[in-house]
Amino acid sequence: MRTLTRPLALLGAVALFGCSSSEPGPGKETPEDQMLAPPAEGTGVQYRMTSTIEPGSEVERCQLFVAPPEGLNVNREVVRFSSGSHHVLLYATPYTEMPTETRDGDALDPTQVHDCSQGPQAYWDVTGVVAGSQSPDGNSFLGELPEGVALKVAPGTVLLMNTHYLNASSAPLETDARINLYTIADDEVKVEAGMLFHYNPFISVPPHGESSARMRCTTDTDISVVRIQSHMHRRGVGYVANKVDLDGKMTELYAHDKWEGVPSQEFSPFLEVKAGEALDYRCDFKNTEDRDIAQGLTTKDEMCMLIGPYFPRSAAYENCESEAGVFAPTWFGSGKSTCAEAISCMSNTTNGDDAALYGCVVNSCASAGPQLSEAINCQITGAYGACDEDCSQDAETCNTCIITACEAEMAACEAATCD
């Protein structure tokens, strides 16, 4: 029986967002009178980034801010940004003081706009998304929540604002991005909201080929979903999201073919997802390049995500985890490989060949998805934590523990067939 050694670190690279950029026309800017004035005093805060993008360049920019000492109860957001960017995002981080070094130890002034060309997650730790938009004139992620419902930001939390701009013109591009967070008082908050941020790491698209990436997340608690929105890069040609009932029946919720100018699906009444039910989504990709495309943070890579506000908050379900805090998605391939063949494929993939590694799952058959996912999840979590001590020693000791602890999941995988 084989076990995986490579995917143990696979999900360490799974990030909260990267982006692809849209292309502005020369000198095209959003007029000042179409941008946002800050919220009135006592009603919220504005976070703003401005920078100059040199001609013929593509950059990601970041800036850090500190939430007010009383924290934020965000009930509504409005986002506007000058054209040339595919998104503006505001992340929460685990920091309670402004860091003065990046993850790699590079010093910088965090209060100033700085380049973060590898994606913000390469430089800073992030814990979730507070606000953002993929459209310069609307369709923000959080939007407006019901009365008495708010997304909470803890007092003094360091927030990270991120933009990604492409200036294909021959002149410098002056950019301006603004996020208004409208808040309510503590005594007005009846229910805490959260932001779904489901991220599928298994994406692989062959040169001049097509493929799909599909993931399902089951909730352990009852939630109400306000709206959902997709995120893909420029190779995304289709997207569909479904609700899966307790009996396995799938009901389509949202479908489109946009990777930019992305529509959102509003639910009125709100979408009720009961404990044991799931959200299942799929991204379809078409690759026109001469190279393999894999999941990743930059415009050279691809992404497949489901995003949206919901309540009451389940910190686990936001990131497709169980209430025990274990990453617990189900992945469905669109190929013909059995579960055992997919595991063998992953075990024999050359280190560093992400497209091949992810392709082992993409090319598996859909009917083997539950067994393959359980086998992978058992191994990438060190048997759900049971092998943490052994895996802190050396690879051989870790591998031995996982083989024993994940024996039932691997046996089910070996027995699974393709319909």
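The values are calculated or read from the model by the stated rules, or taken from the named source; none is laboratory data. Note that the structure is a prediction, hence the values are computed from the model and not measured. Note: areas computed on protein heavy atoms with side chains; ligands, DNA, RNA excluded. Shrake-Rupley method; radii C 1.70, N 1.55, O 1.52, S 1.80 Å.
Taken as Cα centroids, the range 102-159 and the range 37-84 sit 9 Å apart, rounded to the nearest whole angstrom. With one equal scatterer per alpha carbon and no solvent term, the Debye-computed log10 I(q)/I(0) for the range 192-259 at 0.15, 0.29 1/Å reads -0.61, -1.62. Counting only protein heavy atoms and a probe of 1.4 Å, the accessible surface of the chain is 47% carbon and sulfur. In plain terms, if you count all Cα to Cα distances in the range 344-414 and split them into 10 Å steps from zero, the share in each step is 20, 45, 33, 2 percent. One way to sum up the overall shape of the range 44-165 is the equivalent ellipsoid from its Cα gyration tensor, whose semi-axes run 23, 20, 11 Å, largest first. Rounded to the nearest whole Hz, the Karplus-based 3J(HN,Hα) values (6.51 cos²θ - 1.76 cosθ + 1.60, θ = phi - 60°) of the range 110-115 follow the sequence x, 7, 9, 5, 9, 5, with x at glycine and proline. Divide the volume of the convex hull around the Cα atoms of the range 112-155 by the residue count and you get 138 Å³ per residue.
Each helix, a run of at least 4 DSSP H residues, gives -39500 (n - 2.57); summed and divided by the residues of the chain, these come to -4000 deg cm²/dmol at 222 nm.
Annotation: amide H of SER337 within the under-5 Å range of SER364, CYS365, sequence separation 5 or more or interchain, hydrogens built in the peptide plane.
Taking the alpha carbon gyration tensor of the range 170-284, multiplying each eigenvalue by 5 and rooting it gives semi-axes of 28, 26, 12 Å, largest first. Taking only the C-alpha atoms of the range 236-331, Rg followed by Dmax gives 15.2, 46 Å. Legend: distances between Cα atoms for LYS249/LYS336; LYS300/LYS336; LYS243/LYS274; LYS249/LYS274; pairs beyond 21 Å are LYS249/LYS336; LYS300/LYS336. For the range 229-283, taking Cα atoms only, Rg and Dmax work out to 12.3, 35 Å respectively.
Scanning residues 5 or more positions from LEU253 or on other chains, those with amide H under 5 Å from its amide H are ALA241, ASN242, LYS243, with H placed 1.01 Å from N in the peptide plane. Take the Cα radius of gyration of the range 286-419 and divide it by 2.2 N^0.38 Å, N being the number of residues; the result is 1.15. Annotation: amide H of VAL129 within the under-5 Å range of ALA92, sequence separation 5 or more or interchain, hydrogens built in the peptide plane.
May I have the pair-distance distribution P(r) for the chain, computed from all Cα-Cα distances with 20 Å bins from 0 and rounded to whole percent? Reading upward from the zero bin: 26, 58, 17, 0. A convex hull fitted to the Cα coordinates of the range 91-238 yields 191 cubic angstrom per residue.
At a probe radius of 1.4 angstrom, the accessible area of the chain per residue rounds to 41 square angstrom.
The reciprocal of the average 1/r between distinct C-alpha atoms defines the Kirkwood hydrodynamic radius, which for the range 280-358 equals 15.5 Å.
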